[in-house]
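No lab work stands behind these numbers, since they all come straight from the coordinates. Computed from a prediction, not measured in an experiment: that's the story for all the values here. Please note: Cβ atoms are built from the backbone with ideal geometry, for glycine as well, and neighbour counts cover all protein chains shown.
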Amino acid sequence: RKIRPHFLLHPKAECHFSNGTDRVQFLARYIYNREEYVRFDSDVGEYRAVTELGLPDAELWNSQKEYLERSRAAVNTYCRHNY
């Protein structure tokens with residue numbers, strides 16, 4: 001896939017709460033040119049490519065243990081902390 005000269009990379013963090021803070025889901029979505037290409041879902045526990053463009057990032061971020069653990073901890077450090 002050819003990268004365009006004008007692009008927009010938009011990271012988006014989301015917290016989804018059910019029953020107060022009993023059930024919390026953290027999503028980190030990465031959007032390139034208005035298309036989500038990779039995401040972290042705390043229910044899954046790892047980064048997943050949404051499109052082919054996201055495969056290299058998902059593989060890299062999943063191979064970095066500290067980075068992955070920080071993403072997993074975001075349910076508490078980001079979501080519950082800001083509830």
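Backbone geometry of the range 36-43 corresponds, through the Karplus equation with coefficients 6.51, -1.76 and 1.60 at θ = phi - 60°, to 3J(HN,Hα) couplings of 5, 10, 8, 8, 10, 10, 4, 5 Hz, x marking Gly and Pro.
Just in the range 1-63: which trypsin sites (Lys or Arg not before Pro) are loop by DSSP and have at most 13 other Cβ atoms within 10 Å? In loop regions of the range 1-63 (DSSP not H, G, I, E or B), the sparsely surrounded trypsin sites (Lys or Arg not before Pro) are 1, 2, 34.
Considering only 18, 71, 42, the Gaussian network model of the chain with Cα springs below 10 Å gives its largest mean-square fluctuation to 18. Nearest 500 deg cm²/dmol is fine: what mean residue ellipticity at 222 nm does the chain get from its DSSP H runs of n ≥ 4 alone, each adding -39,500 (n - 2.57), divided by its residue count? Result for the chain: -6500 deg cm²/dmol, rounded to the nearest 500. Loop-resident chymotrypsin sites (Phe, Trp or Tyr not before Pro) (DSSP state other than H, G, I, E or B) in the range 1-81 with no more than 15 further Cβ atoms inside 10 Å of their Cβ: 7. For residue 46, the residues 5 or more places off, or on other chains, whose built amide H falls under 5 Å of its own are 41.
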